[in-house]
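Quick notes on the structure that follows.
The values are calculated or read from the model by the stated rules, or taken from the named source; none is laboratory data. Note that this is a predicted model, so its numbers are computed, not measured. All Cβ positions, glycine included, derive from the backbone under ideal geometry; neighbour counts span all protein chains shown. SASA here: full protein model, heavy atoms, side chains in, ligands and nucleic acids out. Shrake-Rupley method; radii C 1.70, N 1.55, O 1.52, S 1.80 Å.
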Amino acid sequence: MSFLKLMTKKMTITIRKAKQEDLETVHDLVRGLAIYEKAEASFTASLKEYQEDFEAGWFECQVAENEGVIVGMVIYYETFSTWKGRMLYLEDFYVKEAVRRFGVGQKLFDAFHQTAREKGCKMTKWQVIDWNTPAVKFYEKNNAIIEKEWWNVKIFLE
């Protein structure tokens, strides 16, 4: 069944842990996120790297499905806050544009936070681009604290 036909029917969203065979679709969703963020050229991680790193436990992923079609995902990993203790870092969170506003993002976000609770985490953390008003509003609606005084810092090792 085509993606468009699925959208004309009532959606039944299922959230589940990703499996190795989901990674090609997850990789494509991350590319969609990079395009949305106007940074596709920066998306250089290959599908092979995703497969190897997923297998090695570098990251976890949950997917949202509608009748067997993956329509969204969250990618996250365990990390540690020296001030708070265990935490989950939400690396990527993306829902296909055609299914936004149907509650898919909220279900994924809630499942991510439930996973953090089950792992005994004290908090979750992530980034949001300042111009992404819909995302900022979504996070504010979910009582997220958006820190504006901390700056991102990184070094590329390649």
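Take peptides 41-47, 90-96 and line them up by average Cβ neighbours within 10 Å, highest first, as a rough protection proxy.
Numbers: 41-47: 10.4, 90-96: 20.0.
Packing proxy ranking, top to bottom: 90-96, 41-47.
Counting only heavy atoms of the protein chains, get the accessible area per residue of the chain (1.4 Å probe) and round it to a whole Å² value.
Per-residue value: 69 Å².
Could you state the angle between the C-alpha long axis of helix 23-36 and the longest principal axis of the C-alpha atoms of the chain, as a value from 0 to 90 degrees rounded to the nearest 10?
Here the helix axis deviates by roughly 70 degrees.
Which one of Y89, G68, N142 is farthest out on the positive end of the charge dipole of region 61-149, using unit charges on Cβ (Lys, Arg +1; Asp, Glu -1) and the Cα centre as origin?
It is N142.
When only C-alpha pairs under 8 Å and at least 6 residues apart count, what is the relative contact order of region 9-78, in percent? Provide the component values of the computation, followed by the final result.
Working: 73 pairs, mean separation 29.0, N = 70.
In percent, rounded to a whole number, it is 41.
Per DSSP helix of 4 or more residues, -39500 (n - 2.57); summed, then divided by the residues of the chain. What does that give at 222 nm, rounded to the nearest 500?
Roughly -10000 deg cm²/dmol at 222 nm, from the helical runs in the chain.
Rank by packing, highest mean first: peptides 114-122, 69-77, 28-36, with packing defined as the count of other Cβ atoms within 10 Å averaged across residues.
Put in order of decreasing packing, that is 69-77, 28-36, 114-122.
Quick one, which of [x] 12, 42, 34, 11, 1; [y] 10, 36, 31, 17, 6, 1; [z] 9, 37, 39, 13, 2 is the actual P(r) over Cα pairs in 10 Å bins from 0, in percent calculated for this model?
Computed from the coordinates, P(r) over Cα pairs in 10 Å bins from 0, in percent corresponds to [z].
Need the list of aspartates and glutamates near K119 for cross-linking: C-alpha distance under 18 angstrom, and skip anything on the same chain fewer than eight residues off.
Result set, ordered by chain and number: E60, E78, E91, D110.
Report, to the nearest whole %, how much of the accessible area of the chain belongs to carbon and sulfur atoms, 1.4 Å probe, protein only.
Within the chain, the accessible surface is 53 percent carbon and sulfur.
Charges at C-beta only: +1 for Lys and Arg, -1 for Asp and Glu. How large is the resulting dipole of region 24-145 about its Cα centre, in Debye rounded to 20?
In total the dipole reaches around 680 debye.
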